[in-house]
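Participant: One structure, pasted below without further comment.
Read-outs throughout are calculated quantities, based only on the coordinates presented, and are distinct from any laboratory measurement. Keep in mind the model is a prediction, meaning the values are calculated, not measured.
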Amino acid sequence: MPFIVVVLGLLLQVVSLSRDRIAVVHAAGVGIRTAVVDPDPGAVRRDVLASSDLDRGRLRVELTGDTQPGGLIRVRVVYSAPLSFPLLAALVDDPQFDESFSAIVE
């Protein structure tokens, strides 16, 4: 019985981390779409935060590049995903998911 509980706990952790990874990719996509039409860092961060329910304290949004029309801009989203399974959290650090997209400013 304890083995089944551990396996189920690990399975739930994998599902949770997979969901976080997908959310980070989606958030970076939202960020680059915003940055293309409005390269204001505040607007990009606001839209990235609104696009998902990721913990804001663990999420970092970076906007780099040339913000002038025709310039190449890059949005990077980094998220430190929490480990909720105590046995796993005691053994490894929280994983970091990092995604970035680049585009030309309109």
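Participant: Would you mind checking the tilt of helix 2-37 against the longest principal axis of the Cα atoms of the chain, expressed as 0 to 90 degrees and rounded to 10?
Facilitator: That works out to roughly 0 degrees.
Participant: Return the Cα extents of region 2-104 along principal axes one, two and three, sorted largest first, each rounded to a whole Å.
Facilitator: 59, 19, 19
Participant: If one takes the longest principal axis of the Cα atoms in the chain, at what angle in degrees, from 0 to 90 and to the nearest 10, does the Cα axis of helix 41-50 lie?
Facilitator: 40 degrees
Participant: While we're here: So what are the ³J(HN,Hα) numbers for region 88-104, from phi and the Karplus equation (6.51, -1.76, 1.60; θ = phi - 60°), rounded to whole Hz, Gly and Pro as x?
Facilitator: Couplings: 6, 5, 6, 9, 9, 6, 4, x, 10, 9, 10, 9, 9, 9, 10, 7, 9 Hz.
Participant: Suppose a student asked you for the relative contact order of region 2-104, using Cα pairs under 8 Å spaced at least 6 residues apart; what percent would you report? Walk me through the intermediate numbers first.
Facilitator: Numbers: 140 pairs, mean separation 29.2, N = 103.
Across region 2-104, relative contact order equals 28 percent.
Participant: If you find the alpha carbon centre of region 36-58 and of region 79-106, how far apart are they in angstrom?
Facilitator: 16 Å
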